[in-house]
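Q: Would you mind keeping the following structure in view while I ask a few things?
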Amino acid sequence: MGLIVFLIVGIIAGFLAGKIMKGAGFGLVGDLVLGVIGAFVGGWLFGLLGILPVGIIGTLISATVGAMLLLFIARLVKKA
């Protein structure tokens, strides 16, 4: 059950990150996939900073931040 919730949060985070970071993206599916991977990145990054997300909203925020960071880096690589 936890994996399904994680995937749903990652997909929502990817959608939100794609909307927040406007510009030439990877399309809806690409942003959603980067959102799921970004959920890992966000959890890792917030853990390094000593911030523990509380509840589904905290998890969604950390996943969205991770997805935004990953989208930013992916777009930089795509330009090069």
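Q: Go from 0 up to the bin containing the longest alpha carbon distance in the chain, width 5 Å each, and give me the % of pairs per bin.
A: 3, 19, 29, 24, 14, 7, 3, 0
Q: Could you compute the net charge surrounding V33? Neighbours are other residues with a C-beta less than 15 Å from the C-beta of V33; K and R count +1, D and E count -1.
A: On the way: positive: R75, K78; negative: D31.
That works out to +1.
Q: Please give me, ordered by residue number, the trypsin sites (Lys or Arg not before Pro) of segment 20-80 that lie in loop per DSSP and have at most 11 other Cβ atoms within 10 Å. Display every interim value, and only then the final one.
A: Numbers: sites: K22, R75, K78, K79; in loops: K22.
Hits after loop and neighbour filter: K22.
Q: Separate question: So what's the net charge close to I12: Lys and Arg +1, Asp and Glu -1, counting the other residues with Cβ under 13 Å from its Cβ?
A: On the way: positive: K19; negative: D31.
Summing Lys and Arg as +1 and Asp and Glu as -1 gives 0.
Q: Within the chain, what whole-number % of the accessible surface is contributed by carbon and sulfur, with the 1.4 Å probe and all protein chains included in the calculation? Intermediate values should be presented prior to the final figure.
A: Working: 4190 of 5090 Å².
The C+S portion of the solvent-accessible surface of the chain is 82 percent.
The values are calculated or read from the model by the stated rules, or taken from the named source; none is laboratory data. For clarity, every value in this text was computed on a predicted model and none was experimentally measured. FYI the Cβ positions are ideal-geometry reconstructions off the backbone, even for glycines, and counts take in every protein chain you see. Ligands, DNA and RNA are excluded from the accessible area calculation, which covers all protein heavy atoms including side chains. Shrake-Rupley method; radii C 1.70, N 1.55, O 1.52, S 1.80 Å.
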